[in-house]
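Q: Have a look at this one before I ask anything.
The values are calculated or read from the model by the stated rules, or taken from the named source; none is laboratory data. Remember, it's a predicted structure, so these values are computed and weren't measured experimentally. Every residue, glycine among them, receives a Cβ derived from its backbone with ideal geometry; neighbour counts consider all protein chains shown. Just so you know, the surface numbers come from the protein's heavy atoms only, side chains and all, with ligands and any DNA or RNA stripped out. Shrake-Rupley method; radii C 1.70, N 1.55, O 1.52, S 1.80 Å.
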Amino acid sequence: MPNESSLSGDPLSPDDLRRSHIPDLVEPATTPGTTPPAPSDWPTTDEVLPSDNELAVAKPDLPRRYDLKKLLGTGGMGDVWLGRDRRLRRRVAVKVVQERWAGDAHVLRRFVDEAQLTSQLQHPSIPPLYEMGELPDGRPYFCMKVVRGRTLAALLGKRAGSDDDLPRFLAVFGQVCQAVAYAHNKGVIHRDLKPANVMVGAFGEVQVMDWGLAKVLKNIPQPAETEKPAASVVETDQTEQLDQLTQAGAVLGTYAYMPPEQARGEVAHLDRRADVFGLGALLCEVLSGRPPYVGTREEVKIHAQLGHLQPALERLAACNADGDLTALAGACLAARAVDRPADAVAVAAAVAAYQAAVQERLRAAEIESAAAAARAEEAKETVAAAAREEEAKATATAERRVRRLSTALAAALFLGVAATGYFLVQSWQATVNAEVAHRNAEVEREKAEELAGRETQARQEAENQKGRAEGAERRAKEARAEAEEQRELTALLRYSNQIALVQREWEVGNVAAAWQHLESTRPDFRGWEYRYAHTLLNRNQKTFRGHTGGVESVCFSPDGKRLASASADTTVRLWDARTGREALALKGHTKVVRSVAFSPDGTRLASASGDGTVRVWDAATGQEVLTLRGHTGSFYSVCFSPDGKRLASASFDKTVKVWDAAKGQEAPTFKGHKGEV
């Protein structure tokens, strides 16, 4: 069975994925300002589709009931065709296993498992599966509903701002929560929730797509408290073998939307709360315009594995969304699974409660607006009544003045025309003077009010400038803090990669390279992992005990499986290099053995001793094959030629001798040294 896992939870490369027969498991990271690609197995019908010739894929031999029109897309293990069901006269999407996997039992099991699982998820927001069958060559296929619309990723990418058309996107998110809650109730988790896997139709219908990575949970209790675990209500052929299909360390999904436990390949720990994180990631992008993790592919991967969610929480806090929504997103994005809501049912309930509260607030606002309008109308009527009353009073006063004036005029006429005229002129002049004084006072008052307004405006402008300066200084300080945080994060990521390189070099035996990576780490980051690696590189691998005298020389066999040692106790010993156990003890020398060497093929062993001999031994049995004598002093060292046909020996007699390794005959003697060799 192909192995789906990779070392230490690292993502598989595209070639590895194809070799593992798993389609589109790990997608590239999402970078700021870009929209994630739609799933390759299920493209939208609104997109420009490639022609059959462009993809060069032969049409499968389906039953005559289906008329295939166009290849919609091709994935890692399946091709998706747009077709027509002649019997029911409707368009269908037909997914077929590719010809190259026709004989691969692992791929065929996964394909059938996906079809069986999807067919049992009967919900308005999950595309229905109509039929599953088998081609003449044994490849399975299944037919599904053709989903029309655009991906949520495409719709989010067209927004002018993160708060643009927010109620509509919250409604879409609520429907996604309901679909996932239904799946959770059936014991199924999606494991790849992201905007590219959500389709939105022209009339608001929502479809949660791509259940190819879904997993059936085994013997996991329902969210409500029960006395004993309830088995999953969804069954497939592989329900009892899921642990074999998804091995520990496998990373399935998209890092930018993935919970930490999934990014680290902790398959056994994945439950409904992994999807809760995915829902939080969707809500995070709806509210803030970005997924939880952003950056390069490697940065997003490390962020996901470390659960580095602080930047996402800060973006949520800075957006203009309601605090209840940002709090829900933050709870779903908790780094530890135990801190998240239990399942999608709880998330859907929270979204529904928020939407109900919004509607209630809108109704209350409408009622308050109507009451305020009524109060304003009542106040207007009161003011109008008061104005009418004042007008009536003014009219009565004017009438009284007219009557008094008439009386005064009559008296004046009676006293005399001259006197009356004089007083009328004086009265008119006084009235004119009073009117002029009143107008002058009004002009002065208006000038004073204008001057006061200018002073107030000047003070307000000064306050605004001060506020702008303080805001600019605050933003600069925040930018410096963010830049410093990014530098520290980059340094931490580099330290993490260096520790990983130390482990990798140690595993392949490159101790020098491992030391170089370890010592180049930043000192203030060094923790237990540094101390562990340091101990690992310093510790003794094996200790071989058995000699009763000092060890003069050691060497490995050419295959590295054995170790030979020469000792002052006159013996040569052979050891198992892996276990440290003694295999043979070669005895025959009468004095200290100073040198030992394996032949290039590892079948013979030569030893040089202070007793004036070189002895050649059978490395398998320990039997002595040759004894070489000829030096006038004790031997110091010995070695084989690269072809194993000759031996060279060095001695205290200041000479080097060459011997026939098979017959023991002495060849040339090299002289010239002025001291022992």
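Q: How far is it, in nm, from the label point at Ala353 to the one at Glu485 when both lie 7 Å from their Cα along the line to the Cβ?
A: Here the modelled spin labels are 2.9 nm apart.
Q: Which of Ala352, Leu325, Ala372 sits closest to the plus end of the dipole of region 315-414, meaning its Cα is farthest towards the positive end, when Lys and Arg get +1 and Asp and Glu get -1 on the C-beta?
A: Ala372
Q: Continuing with this model, one more query. Rounded to the nearest 0.05, what FRET efficiency do Ala568 and Lys542 give with R0 = 22 Å and r taken as the Cβ-Cβ distance? Could you check?
A: The pair Ala568/Lys542 has a calculated efficiency of 0.55.
Q: For Arg646, which sequence-distant residues (separation of 5 or more, or a different chain) have an amide H within less than 5 Å of its own amide H, given hydrogens modelled in the peptide plane?
A: Distant-sequence amide H within range of Arg646: Ser641, Ala661.
Q: Over region 97-203, average the accessible area per residue using a 1.4 Å probe and give it in Å², no decimals.
A: 38
Q: Just the accessible area for Trp81, please: 1.4 Å probe, Å², rounded to the nearest 10?
A: Its accessible surface works out to 0 Å², give or take rounding.
Q: Moving to a separate point now. Once amide H atoms are placed 1.01 Å from N in the peptide plane, what residues at a sequence separation of 5 or more from Thr613, or on another chain, have their amide H within under 5 Å of its amide H?
A: Excluding prolines and chain starts, which carry no amide H, the hits are Phe635.
Q: Under 14 Å Cα-Cα from Lys561, which aspartates and glutamates qualify once same-chain neighbours fewer than 8 residues away are excluded?
A: Within the straight-line cut-off, Lys561 pairs with Asp576, Glu582, Asp601.
Q: Can I ask one more? Assuming a viscosity of 1.002 mPa s and a temperature of 20 °C, what translational diffusion coefficient in µm² per second does Stokes-Einstein assign to region 572-677, Rh being the Kirkwood radius over Cα pairs?
A: Taking Rh from Cα pairs, D becomes 154 µm²/s.
Q: Suppose each label sits 7 Å from its Cα in the direction of the beta carbon; what would the Asn440-Ile367 distance come out to in nanometres?
A: Using points 7 Å along Cα→Cβ, the separation is 6.1 nm.
Q: While we're looking at this one, here's another question. Could you check how much of the accessible area of region 43-190 is carbon and sulfur, as a whole percent, using a 1.4 Å probe?
A: It is 46 percent, rounded to a whole number.
Q: Structure shown: which of Lys69/Lys186; Lys587/Lys657; Lys591/Lys663; Lys158/Lys194 lie over 26 Å apart, alpha-carbon to alpha-carbon?
A: Those over the limit are Lys69/Lys186.
Q: Let me ask you something else. Per residue, how much accessible area does region 462-605 have with a 1.4 Å probe, in Å²?
A: Heavy-atom SASA per residue in region 462-605 reads 64 Å².
Q: Using 0.36 nm times the number of residues separating Lys561 and Asn510, minus their current alpha carbon distance, what extension gain do you get?
A: Working it through step by step, the gained length comes to 16.6 nm.
Q: Enumerate the calculated ³J(HN,Hα) couplings along region 306-323 in order (Karplus 6.51 cos²θ - 1.76 cosθ + 1.60, θ = phi - 60°), each rounded to whole Hz, writing x wherever the residue is Gly or Pro.
A: After applying 6.51 cos²θ - 1.76 cosθ + 1.60, I find 7, x, 7, 10, 4, x, 5, 5, 5, 5, 5, 5, 8, 6, 8, 6, 4, x Hz.
Q: OK, next. List the residues whose amide H sits under 5 Å from the amide H of Gly149, counting only those 5 or more places along or on another chain, with H placed 1.01 Å from N in the peptide plane.
A: Thr45, Asp46
Q: Round to a whole number: what % of the accessible area of region 470-551 belongs to carbon and sulfur, probe 1.4 Å?
A: Carbon plus sulfur share of accessible area: 51 percent.
Q: Ignoring everything but the protein chains, give the 1.4 Å probe accessible area of Asp271 in square angstrom, nearest 10.
A: 30
Q: How big is region 57-198 along each principal axis, measuring the range of its Cα positions in Å and listing the largest first?
A: Cα extents, longest axis first: 53, 33, 29 Å.
Q: In nanometres, what is the gap between the two model label sites at Arg475 and Thr296, each 7 Å from Cα along Cα-to-Cβ?
A: Spacing of the two 7 Å Cα→Cβ label points: 2.9 nm.
Q: Let me ask something else about it. Can you give the FRET efficiency to the nearest 0.05 for His534 and Glu450, using r as the Cβ-Cβ distance and R₀ = 45 Å?
A: FRET efficiency, His534 to Glu450: 0.05.
Q: Using the Karplus curve 6.51 cos²θ - 1.76 cosθ + 1.60 with θ = phi - 60°, work out ³J(HN,Hα) for each residue of region 457-474 in order, rounded to whole Hz, and write x for Gly and Pro.
A: 5, 5, 5, 5, 5, 4, 5, 5, 4, 4, x, 5, 5, 5, x, 4, 5, 5
Q: Excluding same-chain residues fewer than 8 positions from Lys70, which lysines have a Cα within less than 20 Å of its Cα?
A: Within the straight-line limit of under 20 Å, Lys70 reaches these lysines: Lys59, Lys95, Lys145.
Q: Also, I was wondering about something else. Given a 1.4 angstrom probe, I'd like the percentage of the accessible area of region 562-658 that is carbon and sulfur, rounded to a whole number.
A: Its accessible area is 48 percent carbon and sulfur atoms.
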